[in-house]
1. Please tell me if residue 126 is loosely packed, with under 12 Cβ neighbours inside 10 Å and modelled with pLDDT of 95 or more.
2. It is to be established whether one or more residues within segment 42-51 are at pLDDT below 95, more than 13 Å from the chain's Cα centre (by Cα) and in a helix (DSSP H, G or I).
3. Keeping to segment 4-21, report how many residues are closer than 18 Å to residue 98 by Cα, polar (S, T, N, Q) and either part of a helix (DSSP H, G or I) or modelled with pLDDT of 95 or more (or both).
4. For segment 65-76, enumerate the residues that are assigned to a strand (DSSP E or B) and more than 18 Å from residue 7 (Cα to Cα).
5. How about segment 77-124: which of its residues are without any contact (Cβ under 8 Å) to a residue 60 or more places away in the chain, part of a helix (DSSP H, G or I) and within 17 Å of residue 17 (Cβ to Cβ)?
Amino acid sequence: MIKLVRTNSENSDFIDLVKQLDAYLKITDGDEHDFYNQFNSIDKLNHTVVAYRENQPVGCGAFKEFDKTSVEVKRMFTSSEAREKGIASLILKELEDWAAELNYSSCVLETGIRQVEAVQFYKKNLYNIIPNYGQYIGVENSLCFEKFLKNEKRQ
């Protein structure tokens, strides 16, 4: 059974999982890791989710406000031994539900084109590719996604 806990970035299990994520990304991002890493601070994330299986932390995710109607999903990670069990989808759904409860209408996110599993994961979870936003404009190895919550339509 998977237990999901809403918390913040001061949670020690969240911090430990993010360290594992960063170690993984350092390898897959290669020379571009420092560029991406500058946008991934967890100092003040007030909306994080940690997934536990048998009381062990196995996955995490977070969001922060992107603009008045959208949140940006950040720091999604599932430990290698817990992958392909639906845990990441549970975490993402919990983040989406939380954002909707706070009256946000959409989620945006960025992932790298080298993160093949992540790209497939977001597509499977009904995220659509959008033009790169913010600091990712013009970055060839970035893919940005968006998903509308509560069946909202873009105004």
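1. On the way: loosely packed, with under 12 Cβ neighbours inside 10 Å: yes; modelled with pLDDT of 95 or more: yes.
Answer is yes for this residue.
2. Looking for residues that are at pLDDT below 95, more than 13 Å from the chain's Cα centre (by Cα) and in a helix (DSSP H, G or I), one finds none in segment 42-51, hence no.
3. Result for segment 4-21: 3.
4. Residues of segment 65-76 that are assigned to a strand (DSSP E or B), as a first pass: 65-67, 70-76.
Across segment 65-76, the qualifying residues are 66, 67, 70.
5. Across segment 77-124, the qualifying residues are 80, 81, 82, 88, 89, 92, 95, 117, 118, 121.
The values are calculated or read from the model by the stated rules, or taken from the named source; none is laboratory data. Please read these numbers as outputs of a predicted model, since none were measured by experiment. Cβ: placed from backbone, ideal geometry, glycine included. Neighbour counts: every protein chain shown.
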